[in-house]
Amino acid sequence: GENVEQHPSTLSVQEGDSAVIKCTYSDSASNYFPWYKQELGKRPQLIIDIRSNVGEKKDQRIAVTLNKTAKHFSLHITETQPEDSAVYFCAASGTGGFKTIFGAGTRLFVKA
Amino acid sequence: NAGVTQTPKFQVLKTGQSMTLQCAQDMNHEYMSWYRQDPGMGLRLIHYSVGAGITDQGEVPNGYNVSRSTTEDFPLRLLSAAPSQTSVYFCASRYSTGELFFGEGSRLTVL
């Protein structure tokens, strides 16, 4: 079945710097790659997603890139702000799109 | 729309007790799923359903049962709770593909 690995597990950056979180997946049939943000004590919420027919997608300070050949995708946050501090999860939908499998998460700290 | 509603929000059980976590959604989503969240281990898929009457196992199904008799409801049953099932449980739903909508979570402690 699908397996998603996420790195790093913890990331600390200075306000205004960029943050990059990387994920790899195992199922070459995966075609949907969402990223979720989870603030302390809250539910995960989608921040951006990308489908396998697209190599890059951007939404204001957030961008996601996908390399299907290498089976990895990355989240890029520019001009980080303290409110970006949270846990970020990558995920992949495997064969048939039914199962959504998550990475272990990255705890991002943005220092003011 | 209430979205995805989970009950209870908090529960303490003794080893061996049984209980059901309730999940309901009012968005007419075909797909519903249960995840557990443990520190450092992300969100692990327990069971999922692609429609009424259809369920399947996820990554960590042992010790849990599910059923899907209606589109709206997807309860998760623990038949004999164990301390290893202490966790935060999230129910989530979506259309056939795309964004998962999560409930607020249920924090379960098994003593």
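The values are calculated or read from the model by the stated rules, or taken from the named source; none is laboratory data. What you are looking at is a predicted structure, and each value in this text was computed from that prediction instead of being measured. Ideal geometry is used to build each Cβ from the backbone, glycine not excepted, and the neighbour counts take in all protein chains shown. Remember, those area values only see protein heavy atoms, side chains included, never the ligands or the DNA or RNA. Shrake-Rupley method; radii C 1.70, N 1.55, O 1.52, S 1.80 Å.
Details
- Every condition in (1) more than 26 Å from A:GLN6 (Cβ to Cβ); (2) open to solvent by less than 50 Å² (accessible area, probe 1.4 Å); (3) modelled with pLDDT under 95 holds for B:ASN1 except the one numbered (2).
- Residues of the range B:46-67 that are under 13 Å from the mean Cα position of the chain (by Cα), part of a strand (DSSP E or B) and under 22 Å from A:ASN3 (Cα atoms): B:ILE46, B:HIS47, B:TYR48, B:SER49, B:THR55, B:ASP56, B:GLN57, B:TYR64.
- Hits in the range B:21-48 (condition: open to solvent by less than 10 Å² (accessible area, probe 1.4 Å), within 10 Å of chain A (Cβ to nearest Cβ) and farther than 11 Å from B:PRO75 by Cα): B:TYR31, B:TYR35, B:GLY42, B:LEU43, B:LEU45
- Strands (runs of 3 or more DSSP E) contained in the range A:73-112 and holding at least 1 residues hydrophobic (A, V, I, L, M, F, W, C), in contact (Cβ under 8 Å) with a residue 60 or more places away in the chain and away from chain B (no Cβ under 14 Å): A:106-111
- Filter result (under 11 Å from B:LEU108 (Cβ atoms), under 13 Å from the mean Cα position of the chain (by Cα) and not in a helix (DSSP H, G or I)) within the range B:68-91: B:LEU76, B:LEU78, B:SER87, B:VAL88, B:TYR89
- When the criteria are applied in full, A:GLU56 meets the requirement of being of a type in the set (Asp, Glu) and away from chain B (no Cβ under 14 Å).
- Test for A:LEU75: is it open to solvent by 70 Å² or more (accessible area, probe 1.4 Å) and closer than 14 Å to A:ARG107 by Cα: no
- Top-ranked residue in the range A:59-72 [being farther than 22 Å from A:SER12 by Cα and either open to solvent by less than 30 Å² (accessible area, probe 1.4 Å) or touching a Phe, Trp or Tyr at 6+ places or on another chain (Cβ under 6 Å) (or both); ranked as nearest to the other protein chains (Cβ to nearest Cβ)]: A:LEU66
- Within the range B:71-111, considering residues that are more than 14 Å from every other protein chain (Cβ to nearest Cβ), without any contact (Cβ under 8 Å) to a residue 60 or more places away in the chain and open to solvent by 50 Å² or more (accessible area, probe 1.4 Å), the one nearest to A:LYS42 (Cα to Cα): B:THR86
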